[in-house]
Amino acid sequence: MVTALVPAFVIVNGLVALARSGRLKLEHEWAERGARDLAAGRAGDAADDYYAAQAYARDRGRYRLDLSHALIAAGRTNEARAELETLWSDAPGSGVVNLELGRIARSEPDLDDAARYYHAAIDGAWDSHPVAARHSARLELAQLFVERGLLPQADAELTILLADPPVDRRAAALAGRVAFSRGDYRTAAAHWRAAGPLDQSVSAMFDVATRAVALDPDARGITSRERVRRVARLFSIALEASRRCESPAATAMRDRLEAAAPNVTERTLSRDPDASDATLALLTAATSVVQSACPAVTADDRAMALVVQRPRM
Amino acid sequence: MASRRDEQTFLLVAILIGIYSGLAVVTFRLAIDWIRLTLFGAALEPTHGRVLIVPAVGGLVVATLVVLLFPTVRGSGVNQTKAALYIYDGYISMRTVVGKFMTSALAIGSGQSLGPEDPSLQVGAGLASALGRVLKLPREQLRFIAPVGAAAGLAAAFNSPITAVLFVIEEVIGRWSAGVLGAVVLSAVASVVTEQWFLGDEPLFRVPTYHLVHAAELLAYAVLGLIGGGVSLVFVKLVTHLRPRMRALPPWTWYIQPAIAGLFVGAIGLQFPQVMGAGYEYIDRAMHDEYGWRMLAELCALKVVATTASFVSGTPGGLFAPTLFIGAMLGGAVCAIERQIAPAITGPIGAYALVGMGTLFAGILRAPITSVFMIIEVSGNYSIILPVMVSNTVAYLVSRQFQRHALFDVLARQDGTELPSMEEEREADARSVEHVMRPAEGLALTADEAMMLADARAARVYLYPDQSLDTALRVLRGRPLVPVLHRADPQRLVGVVALDDVLGESP
């Protein structure tokens, strides 16, 4: 009986080898078909192909990541999440798995999971181009923070991203948006300048930010004469905006501005140090009234609004 | 077991049985796979023509083989193994082994809604029996060799030695004898090692990570147990009601019953190919949240119907895999519904599917201990034990409340075989000496009886109240009256017992 084990093992081994080579062939065929379908945008078919490849694979986890990508592309996020969680349980330090889980979690209201996965992806292991992959994951996380209005967190990630040259244009553009949202138009303009060519919407914001920097009477390092000049310029922009607006509230405000106009010249403002602050307070109220009735039209209007409505110390 | 040397030889034979069973199960799995690929092609969802025709034609071939060549291979194989142990002194013919292998592989490979585990169990038992005969083992060892092989076959099929050992002990042998337990464990381990040597150690399912989200979630698992118990009842009632009626039909219909069942399963498979065959890949997909609750509920219901059709038609094949399939789909459906009602306290669907498998195992096969350990072994996750215990217990109690006898016991009686019911034996009221003795208080003895009692005490022959009636019978041999003493105070008489008292208790 013991001796008979030898031929029995040989026979079974032969049968297993035969079956395995057949399954390997099928596995590769389905996996290749899956890659083709995914590349052609047929994500649903690709997912089915990868399911088949997985069924024939000896290591059933082998195509799970490809399958997850196909499922995400097909919008079947529940299935993708489950596949990725299985991969995660095998390799919790995998960068790519954590990144995909983070991408899925970002659609959920609770941000903690997404942030946790993204940080794990940033600190995780990557098979190829780890530096670029981690950089890209951090940028996605920063974008997520910006989308959710978590500017300090976004700023922290962007500061790391922009610490080393060469400057990442996407990170610089995003950092510009964060600085702009914070009211730091000088920094925003600097980031956008570093980002190079910008898309249309950001380009318009850049223009407004540049003008806001030029109009800012509270900018550090400017002379009192320059401050007065900027206050006077802001006043004339506000007056022009009120003249273009026909609503009763705006008309009343225009009358107030026109009445104040003789006293808002560079000379009069220079004589009375408190006059500039009083003028800025009037402009804040005027902008609020006018822009609630007639939205800002010109870049100067928007820049003026940003400057006068910013909280002042 | 005879001598120590015999016991050691038996353990070595058990290892040999495990290796041969492992090899047989590997070949069995390859055969099922090869038949499926040949008949259905490589796509996971084959063409409609094949889905409809293959199970019917396969059923016809299987039926012809069963009726003409292998009449003993009908059914799952669990009762046949028990019969070998309790009736046939461990004898299972090689013809049954070959027949079970061929017909089950063809039936499962051609899409009948049955599983490979129970046939593997019987193939293992049959190989063990043949090996025992070749080695000319003594009668008592030969009797126990079938369950040893059964454990090996089941362990290799499930890739889970603990589950196999517990199932065989809990449902086939029914007692924890050290000699048999050692052999069962060794054979199970040897078969799993052999199986993994060839097929790798990939588990049956990839189980997602699990943790209990909230203590209140246990209520949801109790609900799963309740529903699972109900579904188990429906399945068991369907099978036990329809099976004798199908058998009572004229013998010529036995040729076409599996074909009709195959056609029926194929018709379901046109829309739901998941119900065909063992369906492990679809259990895996259900665990990974691929299906919505409606689909899961439909698959659960259709699998119940399809498996009933396949099984009652007399097609050889097992109930383990369909039971797990039904449970996984049910668990998934309960989770998906609960997720809509109370998302904050609902765990992953994979956990519910996993618990659902154990629940149906407890409800249908009525092996409560095995059902708990099976889930832990399959998942490799101890933290799932609380939900499993809650759900399985509820399902088991529901099933027992409304179905007096366990499925395998009913099937055995339908086949005209009175096999011992392990469940009934477990629950039998263990009568002891204290139930039959005459208490010392108010005891009035005749002079003869007082003399007999004094003799017994002088000869240091006595009983304790908690000792079994079996022990009492042996002590009472040749001594008509024996004192019953207090264990903490041997001088204190708590009663007396006579042979007639014990015999009066006998059923």
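The values are calculated or read from the model by the stated rules, or taken from the named source; none is laboratory data. This structure is a prediction, so every number in the text was calculated from the model and none was measured. All Cβ positions, even for glycine, are placed from backbone atoms using ideal geometry, and neighbour counts span all protein chains on display.
Picking from residues in segment A:57-85 that are buried (at least 23 other Cβ atoms within 10 Å of the Cβ) and hydroxyl-bearing (Ser, Thr, Tyr), the one that is farthest from the other protein chains (Cβ to nearest Cβ) is A:Tyr63. The C-beta contact set for segment B:118-133 (first residue free of Cβ contacts under 8 Å to residues at least 60 places away in the same chain, second residue among the charged types (D, E, K, R), distance under 8 angstrom, 6+ apart or interchain) comprises B:Gln122/B:Lys100; B:Gly126/B:Lys100.
If I filter segment B:29-40 down to residues being more than 10 Å from chain A (Cβ to nearest Cβ) and touching a Lys or Arg at 6+ places or on another chain (Cβ under 9 Å), which single residue comes out as farthest from B:Ile268 (Cα to Cα)? Among them, the one singled out is B:Leu39. Take B:Val207 and decide whether it is modelled with pLDDT under 90, within 14 Å of chain A (Cβ to nearest Cβ) and surrounded by 23 or more Cβ atoms within 10 Å (Cβ to Cβ). The answer is yes for B:Val207.
Taking the condition in contact with a Gly (Cβ under 7 Å, 6 or more places away or on another chain), surrounded by fewer than 22 Cβ atoms within 10 Å (Cβ to Cβ) and within 11 Å of another protein chain (Cβ to nearest Cβ), does A:Asp90 pass?
Working: in contact with a Gly (Cβ under 7 Å, 6 or more places away or on another chain): yes; surrounded by fewer than 22 Cβ atoms within 10 Å (Cβ to Cβ): yes; within 11 Å of another protein chain (Cβ to nearest Cβ): yes.
Spelling it out, A:Asp90 is indeed in contact with a Gly (Cβ under 7 Å, 6 or more places away or on another chain), surrounded by fewer than 22 Cβ atoms within 10 Å (Cβ to Cβ) and within 11 Å of another protein chain (Cβ to nearest Cβ).
Among the residues here, B:Gly153 does not qualify as surrounded by 24 or more Cβ atoms within 10 Å (Cβ to Cβ) and at positive phi.
Do we have B:Leu69 as surrounded by fewer than 24 Cβ atoms within 10 Å (Cβ to Cβ), within 14 Å of chain A (Cβ to nearest Cβ) and not acidic (Asp, Glu) here? Answer is no for this residue. A single member of B:Arg457, B:Arg400 is free of Cβ contacts under 8 Å to residues at least 40 places away in the same chain, among the basic types (Lys, Arg), under 30 Å from B:Ala222 (Cα atoms) and in a helix (DSSP H, G or I), and it is B:Arg400. Of all residues in segment B:134-171, those satisfying the criterion of being touching a residue at least 12 places away in the same chain (Cβ under 8 Å) and among the charged types (D, E, K, R) are B:Arg139, B:Glu140, B:Arg143, B:Glu170, B:Glu171.
Is it the case, given these coordinates, that A:Arg230 is at pLDDT 75 or above, farther than 20 Å from A:Leu280 by Cα and surrounded by 13 or more Cβ atoms within 10 Å (Cβ to Cβ)? It is false that A:Arg230 is at pLDDT 75 or above, farther than 20 Å from A:Leu280 by Cα and surrounded by 13 or more Cβ atoms within 10 Å (Cβ to Cβ). For A:Tyr117, the conditions (1) in a helix (DSSP H, G or I); (2) away from chain B (no Cβ under 14 Å) all hold with the exception of (2).
Restricting attention to segment B:414-455, report how many residues are among the hydroxyl-bearing types (Ser, Thr, Tyr) and either touching a strand residue (DSSP E or B) at 6+ places or on another chain (Cβ under 7 Å) or farther than 30 Å from B:Arg245 by Cβ (or both). Walk me through how you get there before you give the answer.
Just the residues of segment B:414-455 that are among the hydroxyl-bearing types (Ser, Thr, Tyr), to begin with: B:417, B:421, B:432, B:446.
Next, only the ones that are either touching a strand residue (DSSP E or B) at 6+ places or on another chain (Cβ under 7 Å) or farther than 30 Å from B:Arg245 by Cβ (or both) stay: B:432, B:446.
Of the residues in segment B:414-455, 2 are among the hydroxyl-bearing types (Ser, Thr, Tyr) and either touching a strand residue (DSSP E or B) at 6+ places or on another chain (Cβ under 7 Å) or farther than 30 Å from B:Arg245 by Cβ (or both).
Going by the structure shown, is B:Val223 within 14 Å of chain A (Cβ to nearest Cβ), surrounded by fewer than 24 Cβ atoms within 10 Å (Cβ to Cβ), over 19 Å from B:Val62 (Cα atoms) and in contact (Cβ under 8 Å) with a residue 12 or more places away in the chain?
no
Of all residues in segment B:1-15, those satisfying the criterion of being more than 12 Å from chain A (Cβ to nearest Cβ) and either free of Cβ contacts under 8 Å to residues at least 12 places away in the same chain or under 24 Å from A:Val6 (Cα atoms) (or both) are B:Ser3, B:Arg4, B:Arg5, B:Gln8, B:Thr9, B:Phe10, B:Leu11, B:Ala14.
For segment B:304-361, a residue qualifies if it is surrounded by fewer than 24 Cβ atoms within 10 Å (Cβ to Cβ), within 14 Å of chain A (Cβ to nearest Cβ) and part of a helix (DSSP H, G or I), and the qualifying residues are B:Ala336, B:Arg339, B:Gln340, B:Pro343, B:Ala344. Looking only at residues of segment B:104-141 that are within 19 Å of A:Met1 (Cα to Cα) and not in a helix (DSSP H, G or I), we find that the one that is farthest from the other protein chains (Cβ to nearest Cβ) is B:Pro138. With respect to (1) in a helix (DSSP H, G or I); (2) within 28 Å of A:Arg134 (Cα to Cα), the lone exception for A:Ser270 is condition (2). Suppose the filter is within 14 Å of chain A (Cβ to nearest Cβ), over 20 Å from the mean Cα position of the chain (by Cα) and buried (at least 18 other Cβ atoms within 10 Å of the Cβ); does B:Pro55 pass it? For B:Pro55, the condition - within 14 Å of chain A (Cβ to nearest Cβ), over 20 Å from the mean Cα position of the chain (by Cα) and buried (at least 18 other Cβ atoms within 10 Å of the Cβ) - is not met. Could you tell me whether segment B:474-481 includes any residue that is touching a helix residue (DSSP H, G or I) at 6+ places or on another chain (Cβ under 7 Å), part of a loop (DSSP other than H, G, I, E, B), more than 30 Å from B:Pro368 (Cβ to Cβ) and not assigned by TED's automatic domain parsing to the domain that holds B:Arg366? Checked segment B:474-481: at least one residue is touching a helix residue (DSSP H, G or I) at 6+ places or on another chain (Cβ under 7 Å), part of a loop (DSSP other than H, G, I, E, B), more than 30 Å from B:Pro368 (Cβ to Cβ) and not assigned by TED's automatic domain parsing to the domain that holds B:Arg366.
The residues on offer are B:Ser232, B:Ser187, and the sole one that is small (Gly, Ala, Ser) and over 25 Å from B:Gly363 (Cα atoms) is B:Ser187. A residue that is under 24 Å from B:His241 (Cα atoms), β-branched (Val, Ile, Thr) and in contact (Cβ under 8 Å) with a residue 24 or more places away in the chain occurs nowhere in segment B:373-386.
Rundown of residues vs (1) within 14 Å of chain A (Cβ to nearest Cβ); (2) more than 21 Å from the chain's Cα centre (by Cα), yes/no style:
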{"site": "B:Glu202", "(1), (2)": "yes, yes"}
{"site": "B:Leu233", "(1), (2)": "no, no"}
{"site": "B:Thr253", "(1), (2)": "no, yes"}
{"site": "B:Ala261", "(1), (2)": "no, yes"}
{"site": "B:Val265", "(1), (2)": "no, yes"}
{"site": "B:Gly269", "(1), (2)": "no, yes"}
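Give B:Gly18, B:Gly22, B:Gly90 a once-over and let me know the one that is of a type outside the set (S, T, N, Q), over 26 Å from B:Pro244 (Cα atoms) and more than 14 Å from chain A (Cβ to nearest Cβ). Explain how you work it out, then say what you get.
On the way: B:Gly18 fails: more than 14 Å from chain A (Cβ to nearest Cβ); B:Gly22 fails: more than 14 Å from chain A (Cβ to nearest Cβ).
It is B:Gly90.
The one condition from (1) in contact with a Leu (Cβ under 8 Å, 6 or more places away or on another chain); (2) at pLDDT below 80 that A:Val202 does not meet is (1).
Of all residues in segment B:285-323, exactly one satisfies the criterion of being farther than 18 Å from B:Val236 by Cα and touching a Ser or Thr at 6+ places or on another chain (Cβ under 8 Å), namely B:His288. Within segment B:284-303, the set of residues being more than 12 Å from chain A (Cβ to nearest Cβ), surrounded by 24 or more Cβ atoms within 10 Å (Cβ to Cβ) and not basic (Lys, Arg) comprises B:Leu296, B:Leu299, B:Cys300. Look at B:Leu411 and say whether it is over 30 Å from B:Gly314 (Cβ atoms) and touching a residue at least 40 places away in the same chain (Cβ under 8 Å). Considered against the rule, which asks whether it is over 30 Å from B:Gly314 (Cβ atoms) and touching a residue at least 40 places away in the same chain (Cβ under 8 Å), B:Leu411 comes out as no.
Per-residue answers, yes or no, for (1) more than 32 Å from the chain's Cα centre (by Cα); (2) without any contact (Cβ under 8 Å) to a residue 12 or more places away in the chain; (3) within 11 Å of another protein chain (Cβ to nearest Cβ):
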position	(1), (2), (3)
A:Met1	yes, yes, yes
A:Val6	yes, yes, no
A:Val12	yes, yes, yes
A:Val16	yes, yes, yes
A:Leu26	yes, no, yes
A:Ala31	yes, no, no
A:Ala35	no, no, no
A:Ala53	yes, no, yes
